[in-house]
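Have a look at the structure below, then the notes.
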Amino acid sequence: MTASRRSGWNSLLLSGLLAASPAWADELAGPRYQIQGFAAQGLIGSTHNNFFGDSRDGVSTRFTEAGLHGSWQALDAVRLSGQILYRQAGESDQDGPRADYAQADWQFYQTEASQLGLKFGKVKLPYGLYNETRDVPFTRSGILLPQSVYVDNSRDLLLAAPGAFLHGASVQPYGAFDFLLGWVRPDFDSPSVEYSFLGNIRPGTLKGQGALGARLRWDLPTDTTLMLTHADARADYSPGIGDTLTAGKVRFRNLLLTAQQRFDTVTLTAEYGEPHFDNTGFGPYFPSSHRTIQAGYLQGEWRFLPAWELMLRHDFFYRDKRDKNGHLFALTTGLPAHSMFARDTTLGLRWDTTPNLMLRAEFHHVDGTGWLPGPDNPVFIDREQRWNMWLLQAAYRF
């Protein structure tokens with residue numbers, strides 16, 4: 001699809017969703033079914049590097065999100081739900097409309113205090129605090145989620161996948177517990193994911209072979225949330241014509257720890273993980289490696305007025321825990337050391353102008369290019385270590 005046609009579809013879809021009124025949404029809401037939607041447009045400017053389009057020393061308008069969500073209580077114990085999503089994010093995401101997820105949830109056991117169920121279909125993946133709702137701007141902690149944990153380069157891998165999850169919940173005097181445990185086939189075959197795992201877009205195909213996922217959450221009576229998330233994903237690479245790589249394998253494992261404390265007007269959140277990344281069998285041009293990533297963030301949100309919120313966050317990302325500043329990587333490859341890390345300090349402001357319209361502004365000061373979108377910055381050596389970024393976003397929901 002050409003850029004002009006994408007832009008035309010973008011404008012048409014965005015205008016259509018924004019034209020929908022809350023009254024129309026109410027007509028589609030019933031006791032057993034519901035339809036909701038959202039649309040958001042962002043502006044991005046940056047220094048030295050591009051993010052979601054040609055933002056370097058300019059303004060990129062190529063960050064657009066729109067979605068239509070529906071759910072239907074088909075039976076007392078069965079709920080069907082899904083979402084159609086349109087998303088454009090520079091060169092990293094140009095796929096346009098897609099089925100974001102489509103799942104059935106069967107609640108086969110339920111009492112006053114406990115329940116058990118099974119989700120299956122193209123299911124949302126339980127990863128950390130924000131992943132299951134990351135596509136809806138109103139549910140995010142900022143215009144961008146902390147890139148150390150919710151890397152947009154790997155969004156297709158983390159978001160949703162065909163599979164099934166057993167889930168359960170129980171409410172006790174000492175808090176509410178819920179868990180998910182299941183298997184999915186994740187999507188590794190996208191340009192941004194290939195950049196993340198193989199360092200470039202390759203002529204072959206990186207195909208997910210399966211992943212195990214589990215999450216345990218505990219909501220305490222003290223307005224505290226504690227969470228453990230485990231993920232173990234594998235993929236195989238099939239070389240293409242003229243490929244310098246041979247048939248190899250990729251494995252990604254992580255145990256993510258989450259803690260959140262909510263006060264009257266302040267929310268503090270921290271997440272930390274040490275993902276293990278292994279690649280083997282790709283041949284001499286992409287040697288086998290086994291490294292431990294280190295990633296985490298600390299975030300504070302202050303609702304200083306009913307309609308206004310201030311956010312401050314610092315997050316860090318190191319591609320190799322044993323080579324945090326990339327010195328060894330630079331010595332052995334001759335490539336910039338700053339591609340192995342990123343430290344980001346973010347200041348954000350949110351204004352809920354009406355219950356349906358939200359405006360946001362955000363500033364990032366970044367040291368390193370560890371999670372910089374590869375498709376937007378194809379010339380590796382032209383990326384610069386220290387850069388700034390500002391974002392504006394308007395979001396509407398119905």
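Side notes on the structure shown:
- Residue in region 133-146 that is out of contact with any Lys or Arg (no Cβ under 9 Å at 6 or more places or on another chain), modelled with pLDDT of 90 or more and either of a type outside the set (Lys, Arg) or open to solvent by 60 Å² or more (accessible area, probe 1.4 Å) (or both) present: yes
- Annotation for region 156-165: no member residue is under 14 Å from the mean Cα position of the chain (by Cα), part of a loop (DSSP other than H, G, I, E, B), modelled with pLDDT of 90 or more and under 30 Å from Trp302 (Cα atoms).
- Taking region 57-76 as the range and being closer than 15 Å to Ala89 by Cα and assigned to a strand (DSSP E or B) as the test, the residues that pass are Ser60, Thr61, Arg62, Phe63, Thr64, Glu65, Ala66, Gly67.
- Consider region 293-302 and keep the residues that are crowded, with 16+ Cβ neighbours inside 10 Å and either touching a residue at least 60 places away in the same chain (Cβ under 8 Å) or not hydrophobic (A, V, I, L, M, F, W, C) (or both). The one that is farthest from Phe341 (Cα to Cα) is Glu301.
- Restricting attention to region 14-28, the residues that are under 22 Å from Tyr86 (Cα atoms) and either modelled with pLDDT of 85 or more or small (Gly, Ala, Ser) (or both) add up to 6.
- Hits in region 249-291 - residues which are open to solvent by 80 Å² or more (accessible area, probe 1.4 Å), more than 23 Å from Leu226 (Cα to Cα) and part of a loop (DSSP other than H, G, I, E, B): Pro284, Tyr285, Pro287
- Counted residues, region 340-379 - those being touching a helix residue (DSSP H, G or I) at 6+ places or on another chain (Cβ under 7 Å) and either more than 22 Å from Lys321 (Cα to Cα) or at pLDDT 90 or above (or both): 8
- Subset of region 92-129 that is surrounded by fewer than 19 Cβ atoms within 10 Å (Cβ to Cβ) and not in a strand (DSSP E or B) - its residue that is nearest to the chain's Cα centre (by Cα): Ala113
The values are calculated or read from the model by the stated rules, or taken from the named source; none is laboratory data. Keep in mind that what you see is a predicted model, and the values were worked out from it rather than measured. Methodologically, a virtual Cβ is constructed for each residue, glycine included, from the backbone with ideal geometry; neighbour enumeration extends over all protein chains shown. Side chains are part of the model used for accessible areas, which takes the heavy atoms of the whole protein and leaves out ligands, DNA and RNA. Shrake-Rupley method; radii C 1.70, N 1.55, O 1.52, S 1.80 Å.
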